[in-house]
Amino acid sequence: MKTIHVTASREYDVVIGAGLLDECGQRIAAAVPGAEKAVVYTDTTVFPLYAKRVTDSLKAAGFTVLQDYFLAGEHSKTFRNWERILRFFTENRVSRSDVVVALGGGVVGDMVGFAAACYQRGVRLVQIPTTLLAAVDSSVGGKTAVDLPAGKNLIGAFWQPSLVICDTDTLQTLPDAVRRDGCAEIIKYGVLDAALFSRLENSLPDEIPEDILARCVEIKRDIVAADEFDTGARHLLNLGHTAAHAAELLSDYSLSHGSAVAMGLCSMARACAARGLCTEEDAARIEALIKKCGLPTELPYTAEALANAALSDKKRAGSTLPIITVEALGRCTVRKIAASDYAGWLRQGGAK
Ligand code: GLY
């Protein structure tokens, strides 16, 4: 088992190991002293798989447990479902001293986390990620949100959890597509850390041991500690994501986040190689690892359509766009470019 301690506006542990679901109650009791009720919120995919084990463990630790779920999928990450969660809290007289447990992948963690951030101005939150992507990325660092028709994650809050519990057994039985999605985010961490990248070349996609998961979380932990509120260094975690978010938007979210990130990483690596910022060899290694994981490497939209989608992002400020460039494996930089130059980067990355 690995424990990574996160230092942000709230300090907490991320514990990673096999069999942790069955002991989550004791761990949660220790992390949120004084809580009487635990609200387990999940989705229709995860509820039949893991809700009972989590609930049983919480009951054994002395909690009164409430549980509910919503329809699985990105299209559920709505203001309306968020409000439904809040109504569930009020109807069940959840108090600020209780604890909310977000059990599931990124959509569950984001939306339930945002409900916890807002309910009575903040109730304690425990994240139990059950997908690779949530384990290495969305459950850690306190970003919570819902989508609006105008774009993804447009309403949200930074709300750090009190504990993150990743039971690696839940990652062994993921559908291939969900596992591949997680590989894309893991490769992103590898591009940020050269030693990790070399390890990934030997282990992905078949083996993702605990220490690789832990290394990804450590990288995120260090970046979040330096820039919790995403004003500078934290943008590094968005490597490959500007093009990825644009492609997701153009696909009306039929493209998975991991596939889009894979394409975005390849596009940025190729553009950086074309500009002489990184070597052709580094860009080729990134692309080869993405291919090895069965992930796509080419953005299926024109540079113009992608740039328009990226520039219409309602969170974007002014006439500049932050992009994350690859100078070498393990050396990436946040740069502000003129928004009007972005299509050129996409063309150099291979978009028509
Ligand atoms: N997933 C990017 C971040 O947490 O900043």
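A short reminder: the numbers here are calculations on the coordinates, not readings from a lab. None of these values were measured; they are calculated from a predicted model. A quick note on method: Cβ atoms are made from the backbone with ideal geometry, for glycine too, and the neighbour counts reach across all protein chains shown.
A few notes on this one:
- Counting only DSSP beta bridges with both residues in the range 1-116, the antiparallel share comes to about 35 percent.
- With respect to the chain, whose longest principal axis is taken over its alpha-carbon atoms, helix 79-91 is tilted by about 20°.
- Taking K77, K2 and counting other C-beta atoms within 10 Å, the order from fewest to most: K2, K77
- Alpha carbon centroid spacing (whole Å) that separates the range 1-57 from the range 185-247: 23 Å
- Fraction of antiparallel bridges per DSSP, the chain only, in percent to nearest 5: 45 percent
- The modelled label-to-label distance between E91 and S198, using points 7 Å beyond Cα along the C-beta direction, is 5.6 nm.
- Label point of E281 set 7 angstrom out along Cα-Cβ; within the range 176-205, amide nitrogens under 15 Å from it belong to 198.
- Computed over the chain, Cα set: Rg, Dmax in Å: 19.7, 60
- Against the chain, whose longest principal axis is taken from its Cα atoms, helix 176-192 shows a tilt of about 60°.
- Alpha carbon centroid spacing (whole Å) that separates the range 68-119 from the range 318-348: 35 Å
- Nearby aspartates and glutamates by direct alpha-carbon distance to K291 (threshold 12 angstrom, same-chain neighbours under 8 apart not counted): E201
- Ordering A31, L71, Y50 by the projection of their Cα atoms onto the charge dipole of the range 26-97, which places +1 on the Cβ of Lys and Arg and -1 on the Cβ of Asp and Glu, puts A31 at the extreme positive end.
- For the chain, relative contact order (Cα pairs under 8 Å, six or more residues apart, normalised by length) works out to 15 percent.
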